[in-house]
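One structure is given below, encoded as C-alpha cells.
The values are calculated or read from the model by the stated rules, or taken from the named source; none is laboratory data. Since this is a predicted model, take the numbers as computed values, not measurements. Counting neighbours? That spans all protein chains shown, and the Cβs are built from the backbone with ideal geometry, glycine included.
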Amino acid sequence: MSQLGLGMEPDTGSSRRRERPSRSGARPVLVAVAALLAVGLAVFLGLRSIGGGSGQAFQGEGDGSVTVVVAKGDSLRQIGKTLADAGVVADDGAFVDAASADPQAQSIAPGTYTLHQHMGGTEAVALMLDPSSRQVKKLAIPEGWRMDRILIAAAKATGLSEDALKESLSRAGALGLPAYAEGSPEGFLFPATYEFQPGVTSDQVVSAMLKRFDQAAADADLEAAAKAAGRTPLEIVTVASILEIEGAPADYDKVARVLYNRLDKGMRLQLDSTVNYALGLASLKLTAAQLKTDSPYNTYLNKGLPPGPINSPGDAALQAALNPAPGPWLYFVTTDPKTKTTEFATTYPEFLALKKKFQSNAG
C-alpha cells in the first residue's frame, strides 16, 4: 500500500534520530505552582493561628476540670482564646463558630467558669450557658432587714468574716454611702440579690450594696422628690424603713400618710418598730417597761422621726414614702398579724376599737 497522502514520512534509510520536544519550558510552571501552594498553606495556617480556624480537633464533652475567667467586656473571640489557652477547646475558632450558631451565646456573662478540657466547641458553649458551670456566690437580701442581719448573711454567702465586713462599713463614706446618710450605712445596704465572684473583697461587697441603693435613689429621683415634699432624703429613707415593718406593701402609702399627718400635728409617732430597733428585738408585744426605753429611737418618748432608718427599705417603700395616699388618718393598727391586715382610724376611740381587735386576734 502506498504511504503517500497519509502524512507519514518516507523511510529514507537515514541513521539520524528524530529529536524529542524539549521539556525545559514546563519546569518554571511547576515551580510557580509549588510556590503558590506553599504560600496558600502558610496563609491558612496563619489564619488558624489567630483564630480563623473552625476545625474542631476536640470532640464531645471533654475530660477533667479547668477553671476559666471571662472578664467584663470580653468578646466571643476573646472568650474563645481564653478557652483555647486553657485547653478547653482546640482553638478559638472552634468556640467562635459554635457560639455564632447559638443566639444564646451572647448572654454568656462575665465570671469564673468550671469547664472540661478537650471539649468540642458546641459542647463548650452549652456548658457555659449552664448556670451550674458558673462559680458565683449569691447573696439575697430581703426588704426590711437590719444591717446586723445583712452582715451575717453576707459573711455566710461570701466566706468573708463579719469583722472584715464591719471594717468596710466603717469606711462606707469612701465606698459610696450618700452624704445625707450622715455616716450611718443602716438603711442604705439595698435589698436585692447579688452575685459575687470567688475572691471578692469586703469592700466590693459593701460597695455593691451601696451602689444598688444609688441606683434605686436615682430611679426614684429621691433628692429632688424629697425636697419637693419638704423632707430630706434621710427622712424619706427613714419613713420607708418604718413602712417595711409597720405595714403590708398594699398599705404602704396609707401608713405613710398616717406618719406624715402625725408629724405635721406634732404628735408622737408611738411606733413599736422603732423601740424594737432600739432594743435589738422584733417583738409584737412590748412591755410597759420596754416602751420607756431611753433611746432616740423610742418614738413613744420622743417627737418626730427617729435619727435614721431602722432597716433597709426597698423600692415600693421608698415610692410610698415619697407618694403617700391622701387621707385624714392618724392611727393604724395591724388588726390581724397572720394576714397582715391593717386598718386605719381618724379618732382615738376608733383606734381603741382597732386595738381591741388586734388583741383578740393576737391572742
*Counting just the residues of segment 118-147 that are among the polar types (S, T, N, Q) and at pLDDT 95 or above, which one comes out nearest to T67 (Cα to Cα)?*
S133
_segment 65-76, subset loosely packed, with under 15 Cβ neighbours inside 10 Å and more than 16 Å from Q135 (Cβ to Cβ), residue nearest to the chain's Cα centre (by Cα)_ = G73
*Looking at S132, S161, which one is closer than 30 Å to S184 by Cα and among the small types (G, A, S)?*
S161
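State whether one or more residues within segment 245-254 are farther than 22 Å from K338 by Cα, surrounded by 14 or more Cβ atoms within 10 Å (Cβ to Cβ) and not hydroxyl-bearing (S, T, Y).
So in segment 245-254, the residues farther than 22 Å from K338 by Cα come out as none.
No, segment 245-254 has no match at all.
Take the residues in segment 283-324 that are part of a loop (DSSP other than H, G, I, E, B) and of a type in the set (A, V, I, L, M, F, W, C), then tell me which one is nearest to M147 (Cα to Cα). It would help to see each step written out before you state the result.
Taking segment 283-324 and keeping what is part of a loop (DSSP other than H, G, I, E, B), we get 283-289, 293-314, 323-324.
Retained after the next criterion (residues that are of a type in the set (A, V, I, L, M, F, W, C)): 284, 286, 288-289, 301, 305, 310.
On the way: L284: 20, L286: 22, A288: 27, A289: 26, L301: 24, L305: 19, I310: 9 Å.
My answer is I310.
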*Top-ranked residue in segment 303-345 [being surrounded by fewer than 16 Cβ atoms within 10 Å (Cβ to Cβ) and over 35 Å from the mean Cα position of the chain (by Cα); ranked as nearest to P233 (Cα to Cα)]*: G304
